[in-house]
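Nothing in this text is a laboratory measurement; each read-out follows from the coordinates by a stated rule. Because the structure is predicted, anything quoted here is derived from the model rather than measured. Please note: Cβ atoms are built from the backbone with ideal geometry, for glycine as well, and neighbour counts cover all protein chains shown.
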Amino acid sequence: MVKRINYIICIILLIFVSMPVFSTGTQEAKSKKLKMEFFQNKQEAIGTFNELIARFEKKYPNITIVQNNVPEFDTVLMTRLAKNDIPALIGMGGTASFGKLARTGVLKDFAGDPILGQINKAYLTIIKDETHPGGSYGIPYTANANTTIYNKTKFKELGIKIPGTWDELIASAQKSETAGQTPFYLTLKTAWTAMVPFNALAANLQGDDFIEKRLAGKTSFQERYVGVAKKMLTIVKYGEKDKFGVGYGDGNVAFAKGKSVMYLQGVWAIGDIKKANPDIKLGVFALPALNDASKNRLVSGVDTLFALSKDPKYARGKLFIEFMLKPENAKYYIDKEKEFSTVKGVLQEDPVMDGIKVYFKTGRIAGFPDHSYPTGMQVPNIVQAFLHKGDVSTFLKTMDSEWDRVQKLNK
């Protein structure tokens, strides 16, 4: 009997020894409770993020995500950077501020990570271009779009088809003017609104290597931006009489009330326009900068990206990013926030956006050129002054001199 018991014990020990060895450290890492701050800049999206966070925490009960949204997001983030107090997770736009943060080396670099395969390549390129030198320090999540919003009723009445080339755009403006209509409603009292047509033109006309060569001192605005400047002046010619006396908010209302045929604004203005006139029939198209329709690209920027602190204690933050990228969660977000997803196969289905969906499907996307300019150039004010005075040569010289001045300050 004793021999039999010893035999059974030996068998049990043998089985135990032959079992795979699991790292107790790994088990503890998976089960250990962790609280992470999600510091994000979109006040209007707090509720949407709260819902997705709740879903995440249900799936990962040992991880708590604390959302934090503050006024003056960029200023607070840079102050925290100076204090070495980087949030575990960050949600922000793909702007110069992100580029500055990425270059400090405090964020995880996702280069080579399979997670990047889920993202539209155009947005990965945009992010890399804004973090000189390049790297994958942020995961693009949603995008906005720089558009020409048009009044479908007026287009139909005037017999205008959606223009696919620059010449067709100007012909549409001329036809509108001949019919006694204002072709473009411009809001140049608010300087940044001039950047909508400026970026649309620059992204298609400056050349894809402009930023790289300008940083290396091998090209200039004076060399590459003559066409952009001249076409900007052409657009302004077809604006309303008081174009420098009207600001963004008033422009949304004026367009909603039928004061012009087209409105050079991003998709972010659509909500306010519809509030002012719920019955207005709207459409959007990409401002065509070139006369080869197949080569025109839509200017679209990364409205929200996710970045993760490189601190090892926050490594599980990647689980949150992976969760947010799941198609059902990405779709939930863009449906709530009326944006576009950077996740492959997740499309915005609002019919107002029909005119620009093809650009997302085919990847004919270009980033906002001014997002890659040195931080502090104050380009909107420079462009606003140029459009008021109309001096192309002085404008381009000013752009070059300001680039050089600010670039030195940023070093």
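Annotations for the structure displayed:
- √(5λ) per eigenvalue of the Cα gyration tensor, the chain, largest first, Å: 49, 25, 19
- Those aspartates and glutamates that a straight Cα-Cα span of less than 17 Å connects to K361, excepting residues fewer than 8 apart in one chain: E339, E349, D350
- For A366, the residues whose amide H sits under 5 Å from its own are L298, V299, S300, ignoring neighbours fewer than 5 places away on the same chain, with H placed 1.01 Å from N.
- Per-pair calculated FRET efficiency, R0 = 41 Å: L347 and A82 via Cβ, rounded to 0.05: 0.50
- When the pairs K313/K357; K281/K389; K175/K389; K189/K411; K59/K274 are compared against a 30 Å limit on Cα-Cα distance, K313/K357; K281/K389; K189/K411; K59/K274 fall above it.
- When the P(r) is computed for the stretch 343-411, the part past 15 Å accounts for 66% of the Cα-Cα pairs.
- Amide proton proximity set for T342, modelled H, under 5 Å, gap of 5+: T142, A143
- Loop-resident trypsin sites (Lys or Arg not before Pro) (DSSP state other than H, G, I, E or B) in the stretch 131-186 with no more than 11 further Cβ atoms inside 10 Å of their Cβ: K161.
- Using the Cβ-Cβ distance between T394 and Q174 with R0 set to 25 Å, the FRET efficiency from 1/(1 + (r/R0)^6) comes to roughly 0.30.
- Remark on F306: its backbone amide H falls under 5 Å from those of I139, Y141, a criterion applied only to residues 5 or more positions apart or on other chains, H modelled at 1.01 Å from N.
- Residue by residue, the stretch 192-202 carries 3J(HN,Hα) couplings of 5, 5, 5, 6, 5, x, 4, 5, 4, 6, 4 Hz when phi is fed to the Karplus relation 6.51 cos²θ - 1.76 cosθ + 1.60 (θ = phi - 60°); x denotes Gly or Pro.
- Each part reduced to its alpha carbon centroid, the stretch 225-301 and the stretch 42-97 end up 32 Å apart.
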